[in-house]
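First comes the structure, then the notes that go with it.
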């Protein structure tokens, strides 16, 4: 730092301010210092800076899976939002199914240099949260039912499912079948709640839930169970990928979308617009999820308060996969 200061003709304190991103240095001086840094090959010592400032400028993200488009887009949104704030993200996939796994993860977290944690976990992992979270590190949850959760960011899963189900009923369908996500999934459970509540409030029959695992393949297998049934005229799928699998099962059974069966998905992935026909689906902004998670995490890391519950709104996007039932 002394070498850079001498080369740029400024004080070491000015070099320190530039290295730490201070806005108190005039632009001309900052540019001169940065040129000297580049010419001399100077790089700020991040570990030393973290000790001095009490901040690692890193957010830890714990996620159960990276196998679904929804989770990948959520993690991407968090990472991009963190980068916009000048923070890095450290991602830890969580597959803790035994006490040994929990202990190993706990050891890793104790060594993790982060300013805050964001938890994108399902119920089994959240049950271990008290054991695996390092003390003193602020936490943002993505499940309002998580034990001890004080700050939560969540998509309006129930509201989105209600919008999808209501749309199909308003078109004149007698009831709506549902291909759901896996039993352990919190979003899947909430989407079931919204679907079932809408049917019950309307006095309609509630068909048995058909389970998938978010994949196209599971949507296809689930679709085979109902594709040949004439009483199935409307299906709400818990994500767009399973809706694509249902498309295939219906096609193989000689049934057309939406002439014979109307289909609604959830997530509004880019691929859904290219389905044949384009998919009616529930839209929610993954970028909003990322921004709100990072905003809450940084507020807590800086000793400020954060909104206890931030809910990302949903919107039904009507395309060509839904229609009135054939008479």
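For the chain, averaging the sequence separation of C-alpha pairs within contact (under 8 Å, six or more residues apart) and dividing by the residue count gives a relative contact order of 17 percent. For the stretch 2-44, the Kirkwood estimate of the hydrodynamic radius, built from every pair of different alpha carbons, is 9.9 Å.
Label points 7 Å out from Cα along the Cβ direction at residue 22 and residue 83: separation in nm? Placing both labels 7 Å along Cα→Cβ, they lie 2.9 nm apart. With R₀ set to 30 Å, the beta-carbon distance separating residue 248 from residue 318 gives a calculated FRET efficiency near 0.85.
Multiply the residue gap between residue 2 and residue 276 by 0.36 nm, knock off their C-alpha separation, and tell me the result in nm, one decimal place.
Values: separation 274, 0.36 × 274 = 98.64 nm, distance 6.49 nm.
Gain in length upon complete extension: 92.1 nm.
Once the piece of chain linking residue 55 and residue 302 is laid out straight, how much longer is it, given 0.36 nm per residue of separation minus the C-alpha distance between them? Don't jump to the answer; show the numbers that get you there.
On the way: separation 247, 0.36 × 247 = 88.92 nm, distance 0.90 nm.
That pair, residue 55 and residue 302, stretches by 88.0 nm at full extension.
What does DSSP give for the stretch 174-327 in terms of the percent of beta bridges that are antiparallel, rounded to the nearest 5? Antiparallel bridges make up about 20 percent of those DSSP assigns within the stretch 174-327. Restricting attention to the chain, close to 10% of DSSP beta bridges with both partner residues there are antiparallel.
Considering only 120, 38, 239, the Gaussian network model of the chain with Cα springs below 10 Å gives its largest mean-square fluctuation to 38.
Mean residue ellipticity at 222 nm, helices only, the chain: -13000 deg cm²/dmol; runs of at least 4 DSSP H residues each add -39,500 (n - 2.57), and the sum is divided by the number of residues. Note on residue 208 and residue 39: the extension gain reaches 54.0 nm, defined as 0.36 nm multiplied by sequence separation minus the Cα-Cα distance.
Rule-based calculations on the coordinates, nothing more; no lab input. Here the structure is a predicted model, which means the values were calculated and not measured. Backbone-built Cβ (ideal geometry, glycine too); neighbour counts: all protein chains shown.
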